[in-house]
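One structure below.
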Amino acid sequence: MERTPVVFIHGAWLHALSWESWAERFASRGFLALAPGWPGEAAAPPDMRKSPELLGRIGLDALTDHYAEIVRSFKTAPVIVGHSVGGLIAQHLITADVGRAAVAIAPAPINGVPLHESPAGLPSCAELDPAEQLVSLSPEQFHRVFANTVEAEESDRLFDRYAVPAPRRLLVDVGCTGVPRSPRAVADVANPERGPLLLISGQEDRLVPDAATRAVYKQYGDTTAVTDLKQFADRAHSLVIDSGWRFVADYVLGWLDGHGIRAHPPEG
């Protein structure tokens, strides 16, 4: 019997390996779980950190087209699960009727919703050197703004296993403070025909504040399509990779089941 695909899309400063636990969890429930990397992404984070140049020119247009092609390649429409920038792309695709359902976790905001300010310890995109194509986080910055709800030891382990540089162009495209966004940083919030959408936030997230995700959720208020919001208390931007990842993953599995989206779609 054919299985329902789930396509995982990672965000800035993480490698596709960041979905390894999720992919195993979803596969154990019978889904066809895939976490395809970005164009030019090396197979392992250490290789990416050593030679990240291929990522330097990646912007939101290229990423959106890349994942749209992947999602459309399946006979059975996939579930799209995205984190951060991946959550923005997931919304753009599902509201364009690409995919069966979507989950946007701590998503970079759509449709002009502000991030309010650059997180403490990180420069705004307006302050980044245009000559630098890549923006790296130090282990200290990663702990301060990405994994701020876990101990330093766990944050360092997560950094070593998953962290990679992010393309400056992409950060500009998704709306760093004071910089116009890409036209792709949008979603058709009024589309009543799209599949179900779940938005997830961490209430201690310093990169994509809970307030930004709630503001995005309100934009969907006039559509009859299913749109849900789940807020996780005491969780940071690292909620898909830190020691509490399973609570989030299992919530998503339960939400999918509640909307009739199962590992083996009914025949016919």
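The values are calculated or read from the model by the stated rules, or taken from the named source; none is laboratory data. Small disclaimer: the values here were computed from a predicted structure and weren't measured. In this analysis, Cβ positions are derived from the backbone assuming ideal geometry, glycine residues included, and neighbour counts consider all displayed protein chains. In case anyone asks, the SASA skips ligands and DNA or RNA and just uses the protein heavy atoms, side chains included. Shrake-Rupley method; radii C 1.70, N 1.55, O 1.52, S 1.80 Å.
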Could you say whether any residue in the range 242-251 is in contact with an Asp or Glu (Cβ under 7 Å, 6 or more places away or on another chain) and either of a type outside the set (Ser, Thr, Tyr) or free of Cβ contacts under 8 Å to residues at least 60 places away in the same chain (or both)?
yes
Mind counting the residues in the range 252-268 that are hydrophobic (A, V, I, L, M, F, W, C) and in a loop (DSSP other than H, G, I, E, B)?
2
Inspect all residues belonging to the range 42-51 and state whether any of them is in contact (Cβ under 8 Å) with a residue 24 or more places away in the chain, farther than 24 Å from residue 197 by Cα and within 17 Å of the chain's Cα centre (by Cα).
no
Hey, residue 224 hits all of (1) open to solvent by 20 Å² or more (accessible area, probe 1.4 Å); (2) in contact with a Pro (Cβ under 9 Å, 6 or more places away or on another chain); (3) within 28 Å of residue 58 (Cα to Cα) but one; which does it fall short on?
(3)
Which one is surrounded by the fewest Cβ atoms within 10 Å (Cβ to Cβ), of the residues in the range 1-15 that are over 10 Å from the mean Cα position of the chain (by Cα) and β-branched (Val, Ile, Thr)?
4
For the structure I just gave you, tell me whether residue 236 is exposed (fewer than 15 other Cβ atoms within 10 Å of the Cβ) and in contact with an Asp or Glu (Cβ under 7 Å, 6 or more places away or on another chain).
no
Pick from the range 138-196, criterion charged (D, E, K, R), out of contact with any helix residue (DSSP H, G or I) (no Cβ under 6 Å at 6 or more places or on another chain) and assigned to a loop (DSSP other than H, G, I, E, B), ranking: surrounded by the most Cβ atoms within 10 Å (Cβ to Cβ):
181
If you take the residues of the range 60-89 that are of a type outside the set (A, V, I, L, M, F, W, C) and open to solvent by 40 Å² or more (accessible area, probe 1.4 Å), which of them is farthest from the chain's Cα centre (by Cα)?
75
Looking at this structure, is residue 27 open to solvent by 40 Å² or more (accessible area, probe 1.4 Å), out of contact with any Gly (no Cβ under 6 Å at 6 or more places or on another chain) and not charged (D, E, K, R)?
yes
Looking at 206, 246 in this structure, which one is modelled with pLDDT under 95 and over 24 Å from residue 186 (Cβ atoms)?
206
Taking residue 216, is it under 24 Å from residue 166 (Cα atoms) and either open to solvent by 50 Å² or more (accessible area, probe 1.4 Å) or in a helix (DSSP H, G or I) (or both)?
yes
Kindly indicate which of 241, 200 is assigned to a strand (DSSP E or B), surrounded by 18 or more Cβ atoms within 10 Å (Cβ to Cβ) and not basic (Lys, Arg).
200
Assigned to a loop (DSSP other than H, G, I, E, B) and in contact with a helix residue (DSSP H, G or I) (Cβ under 9 Å, 6 or more places away or on another chain): is that true of residue 249 in this structure?
no
